[in-house]
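The values are calculated or read from the model by the stated rules, or taken from the named source; none is laboratory data. Quantities reported herein were computed from a predicted structural model and do not represent experimental measurements. Heads up, the Cβs are rebuilt from the backbone with ideal geometry, glycines too, and the neighbour counts pull from every protein chain shown.
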Amino acid sequence: ERRGISERASLDKRALRRSFLDNLLYVQGKFPRLATKNDYYLALAHTVRDRLMQRWISTAAAYTTQCSRTVCYLSAEFLMGPHLGNNLINLGIYDVAAEVVGELGLDLEDLLYQEEEPGLGNGGLGRLAACFIDSLATLEVPALGYGIRYEYGIFHQTLSDGWQVEKTDKWLRFGNPWELARPEWAVEIKFGGHTEQYTDEHQRLRVRWVAARIVNGVPYDTPILGYHVNTANTLRLWKAEAPESFDFGQFNRGDYAGAVTQKIVSENLSKVLYPNDEQEAGKELRLQQQFFFVSCSLQDMLRILQIQRIPVEKFHEKFAVQLNDTHPSIGVAELMRLLVDEQLLAWDTAWDITCKSFGYTNHTLMPEALERWSLPLFQRVLPRHLEIIYEINARFLDQVRIRFFGDEARIARLSLIEEQGPRYVRMANLACVGSHAINGVADLHTELLKQDVLKDFYELCPEKFSNKTNGVTPRRWIVLANPRLTSLITETLGDGWIRDLDLLRGLESHIDDAAFVQRWQAVKRANKADLATHIERRLQISIDPDSLFDVQVKRIHEYKRQHLAALHIVALYCRIKANPNIEMVPRTFIFGGKAAPGYHMAKLMIKLITAIGDVVNFDPDVRGRLKVAFLPNFSVTNGQRIYPAADLSEQISTAGKEASGTGNMKFQMNGALTIGTMDGANIEIMEEVGKENFFQFGLLTPEVYAWQARGYRPQECYERSPALREVIDLIGSGYFARGDSSVFKPLIDVLLRYDPYFLLADFDSYVACQDEVSAVYKDKHRWARMAILNSARSGKFSSDRTIRQYCSEIWNVDKVPVRLLS
Ligand code: 26Q
């Protein structure tokens with residue numbers, strides 16, 4: 001029996017080949033002759049999965065026997081990206097796996113691209129959660145990621161005539177070899193109905209929640225292996241199912257169809273990920289989803305306490321529960337309900353436990369993005385939680401009144417309930433009151449939270465606030481995405497940098513080594529050639545790998561200002577049209593990103609970029625000096641091809657709007673230079689690399705505020721800048737829309753009348769800065785040295801650093817090394 005485990009989990013080449021062929025036969029039911037690429041992918045996935053199991057079980061055993069303190073990361077989104085390549089790297093068998101499949105006439109990369117990525121997130125926030133669970137496992141910290149197993153992830157984006165078209169993301173179509181259903185740990189979740197008071201056997205007044213509807217939550221577990229360690233933590237995602245018994249009333253009355261309808265309604269709960277769409281804010285199903293996964297997760301934690309025989313009063317000693325934005329913040333009220341109504345603890349005891357358990361991370365500075373739920377909706381879905389929130393609020397405001405007697409305006413701002421006009425529950429306020437720690441995701445963002453968005457909470461409890469600047473995992477974003485760079489760095493420094501990214505500083509001493517710089521340039525050139533081939537295949541436009549690759553990939557949003565980059569392209573185009581022989585550094589502009597389906601201006605921004613491309617790419621006057629490519633369906637998978645091939649990283653949000661950004665860090669690590677505003681983590685990137693290695697432009701946050709206060713007139717910028725006028729007029733004329741001046745009118749009108757994101761104010765500064773970029777790029781050697789320094793100084797932006805700070809400053813949790821059981 002012992003030999004059985006070790007044979008099936010062995011990492012040597014012979015055993016891998018044996019497993020691969022066995023799995024093809026016994027899991028896929030195919031001989032090599034009939035096997036499809038997908039059969040081979042799944043056979044390899046199961047080969048890797050077999051090797052994860054032993055580590056997963058050993059990890060669970062270590063945590064259970066040691067009753068380890070555990071991080072529970074609650075997130076409505078986990079944007080994981082494909083698992084196979086990452087697991088091969090973390091197991092240390094990527095190269096040997098490539099040999100095994102190679103000897104069978106297959107290409108490993110080809111098989112990796114078979115995997116449908118689990119796109120269970122919108123963008124930055126969901127991808128951050130994925131980087132965090134990678135780092136937690138690598139740092140050997142006991143952790144559970146809790147979320148929703150959406151049947152449909154973020155929509156698949158296609159383009160039709162340059163307009164975005166959404167397709168459903170059927171990621172589970174061919175099955176998911178990485179997850180294991182655990183129906184034995186299913187929980188019941190209540191919705192709606194009403195509450196009743198009753199007196200218990202000790203004559204104490206208690207509340208009972210009589211629900212209108214019950215839904216089952218079934219956990220699906222995915223192992224998350226750390227890099228070169230035995231730790232395999234768990235990502236536990238909940239699927240909603242109709243309880244078998246609940247519809248019998250209806251069924252027995254003969255309403256079979258009604259019972260089936262109920263089943264469909266229940267299962268809708270985990271059906272689809274909501275795009276971060278203002279249109280969709282306040283939707284009932286979204287609140288139900290949030291409560292569903294949070295209640296499942298908290299009940300799961302109580303079950304774990306029970307099996308480890310830990311008294312419920314020690315909940316906060318066992319678990320550190322982190323709220324990824326306000327999406328799971330209903331957890332504050334739900335934990336109170338579980339502790340008071342079900343575990344029968346006294347209110348004060350329960351409140352003490354709750355506050356000591358939760359931490360809250362804020363990810364936004366946009367006031368309109370703060371989550372609120374209308375009272376009638378909240379009452380309808382969660383009647384008991386509304387009562388609990390009223391009670392929390394009454395006690396909280398009593399404390400506030402002691403500190404700020406008579407300051408009614410402040411009390412109204414701090415209240416969990418918004419009372420002016422229609423009434424709302426304010427989820428950020430609930431998260432702040434119910435947490436012992438509140439953090440922003442970059443230095444500037446945290447400062448703005450303290451001065452602005454959460455000012456009143458800061459003045460009440462300054463000690464709760466701290467900054468945790470975001471980071472990204474170098475395993476996925478360098479080792480997996482950029483194997484050429486990985487080889488070069490490892491040959492130069494050894495492989496220690498993969499777990500300790502600060503060691504990249506060692507590259508600085510090679511900056512005068514001509515052979516090293518040349519190899520560096522060859523790596524970038526090869527990555528660019530790969531991406532050029534990919535673009536040519538996808539978009540049927542030719543790309544010059546020696547042109548400057550100028551890249552902006554991220555969700556499409558006005559505050560991120562993809563249209564500012566578009567204005568710059570048009571400015572360059574105008575220069576060429578005015579003087580066809582003008583000398584110009586050839587550039588390839590690469591864009592990617594999804595627009596929320598109901599966000600019309602964002603969709604128009606995509607149309608503008610593709611329309612400019614359709615003119616510029618084929619105008620003979622341009623002579624190939626400018627190319628514009630909008631790569632459809634930006635995703636983790638596509639990001640892995642794009643970041644390694646970038647020369648220039650566009651991080652051009654209006655100062656004070658981007659909480660952090662994380663794409664900026666992925667570009668930097670892969671040796672792109674940044675053109676950026678002093679926003680989010682850009683500021684810290686510039687601090688690390690030095691001003692001389694960063695292209696900074698644009699208004700600073702206080703300047704933006706001052707312009708706003710003075711009354712900003714974008715029309716004046718337009719009138720003052722001839723270059724800007726020419727660009728705006730050309731777009732406004734319909735030049736990029738076959739003469740139809742109506743297409744881009746809404747976009748141009750907003751810019752000239754309101755320009756809420758200060759594009760016109762920043763235009764001249766941006767264009768001047770881009771001219772500086774071109775001047776530097778002409779000196780290829782200088783550019784390469786700057787790029788090397790950017791990479792060498794990216795150590796701070798490893799999510800390992802971020803997670804160490806969360807562990808010591810918020811979670812108070814230590815690592816628990818895992819011994820392999822055999
Ligand atoms: C809200 C209500 C209804 C439906 C959807 C949503 C929703 C969903 C996702 C609202 C926001 C999000 C995602 C926000 C997000 O990704 N924020 C980004 O977080 C990153 C990680 O901290 C930062 O780097 C980015 O600056 C920030 O924009």
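Restricted to the range 457-498, and to residues there that are away from the ligand (no atom under 16 Å from the Cβ), crowded, with 18+ Cβ neighbours inside 10 Å and among the charged types (D, E, K, R), the residue that is farthest from Val704 (Cα to Cα) is Arg475. Applying the set (1) within 25 Å of Phe758 (Cα to Cα); (2) of a type in the set (Val, Ile, Thr); (3) within 28 Å of the chain's Cα centre (by Cα) to Val570 leaves exactly one unmet item: (3). On inspection, Ala130 qualifies as within 16 Å of the ligand (Cβ to nearest atom), crowded, with 24+ Cβ neighbours inside 10 Å and within 19 Å of Trp477 (Cα to Cα). Kindly provide the set of residues from the range 582-638 that are within 32 Å of the chain's Cα centre (by Cα), closer than 18 Å to Ser547 by Cβ and of a type in the set (A, V, I, L, M, F, W, C), ordered by number. Scanning the range 582-638 gives Phe589, Ile590, Phe591, Ile609, Ile612, Leu626, Val628, Ala629, Phe630, Leu631.
The single residue among Leu104, Leu108, Leu112 that is more than 30 Å from Ser808 (Cβ to Cβ), of a type outside the set (Gly, Ala, Ser), within 24 Å of the chain's Cα centre (by Cα) and not assigned by TED's automatic domain parsing to the domain that holds Gly153 turns out to be Leu112. Within the range 536-545, the set of residues being surrounded by 13 or more Cβ atoms within 10 Å (Cβ to Cβ) and either touching a Ser or Thr at 6+ places or on another chain (Cβ under 8 Å) or in a loop (DSSP other than H, G, I, E, B) (or both) comprises Glu536, Ile541, Ile543, Asp544, Pro545. Regarding Arg555, is this residue at positive phi and within 16 Å of the ligand (Cβ to nearest atom)? No.
This table checks each residue for (1) assigned by TED's automatic domain parsing to the domain that holds Leu501; (2) of a type outside the set (Ser, Thr, Tyr).
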position: Ser721; (1), (2): yes, no
position: Arg725; (1), (2): yes, yes
position: Asp729; (1), (2): yes, yes
position: Asp755; (1), (2): yes, yes
position: Asp764; (1), (2): yes, yes
position: Cys769; (1), (2): yes, yes
position: Ala784; (1), (2): yes, yes
position: Ser791; (1), (2): yes, no
position: Leu820; (1), (2): no, yes
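Whenever a residue of the range 646-664 is of a type in the set (A, V, I, L, M), its partners that are within 13 Å of the ligand (Cβ to nearest atom) and assigned to a loop (DSSP other than H, G, I, E, B), lying with C-beta atoms within less than 6 angstrom and at least six residues away or across chains, give the pairs Ile652/Thr677; Ala655/Thr677; Ala655/Asp679; Ala659/His363; Ala659/Thr364; Ala659/Leu365; Ala659/Val441; Ala659/Gly680.
Output yes when any residue across the range 108-125 is in a helix (DSSP H, G or I), within 14 Å of the ligand (Cβ to nearest atom) and in contact (Cβ under 8 Å) with a residue 12 or more places away in the chain, and no when none is. Scanning the range 108-125 turns up at least one residue that is in a helix (DSSP H, G or I), within 14 Å of the ligand (Cβ to nearest atom) and in contact (Cβ under 8 Å) with a residue 12 or more places away in the chain. Look at the range 432-446: where a residue is closer than 10 Å to Tyr360 by Cβ and a partner is among the small types (Gly, Ala, Ser) and within 16 Å of the ligand (Cβ to nearest atom), sitting 6+ places away or on another chain with Cβ atoms under 6 Å, you get Ser435/Gly359; Ala437/Gly359; Asn439/Ser466.
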